[in-house]
């Protein structure tokens, strides 16, 4: 019976009329003051996780941001090139530091490798960690390297 209900609901929501009914229901939920905040916030989190492009990120790192003594999770997107690298004395990395509540926006930081600490979590785990606001902690989170980052070239 449960399987039949799940199949029927799935079929209804993917059909033309089901999409209309779902949209009407969503509009009604969005008109309820307290429920609207919870529903739209949850919907944004689910959409952000589902649409996250993890192939752009190479490693998950910790870095002191926005000031010394505070740590933020960042995603290394590659080595700095061009004018950024030419104007600095050290080998710099591009690090994306996402913001909340919308992790698709954030800061692009150019950081030397010795100021980045690699952590043992996958890109997907890092994104879930940030999107959940730290609620979904990856199991066995530990620092891989005390200081410095080594970025292997993708195969």
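The values are calculated or read from the model by the stated rules, or taken from the named source; none is laboratory data. Given the structure is predicted, the values throughout are model-derived calculations rather than measurements.
Annotations
- Some residue of region 109-123 being at negative phi and at pLDDT below 85: no
- The residues on offer are 119, 76, 130, 61, and the sole one that is under 19 Å from the mean Cα position of the chain (by Cα) and either closer than 29 Å to residue 40 by Cα or in the same structural domain as residue 40 (by TED's automatic domain parsing) (or both) is 130.
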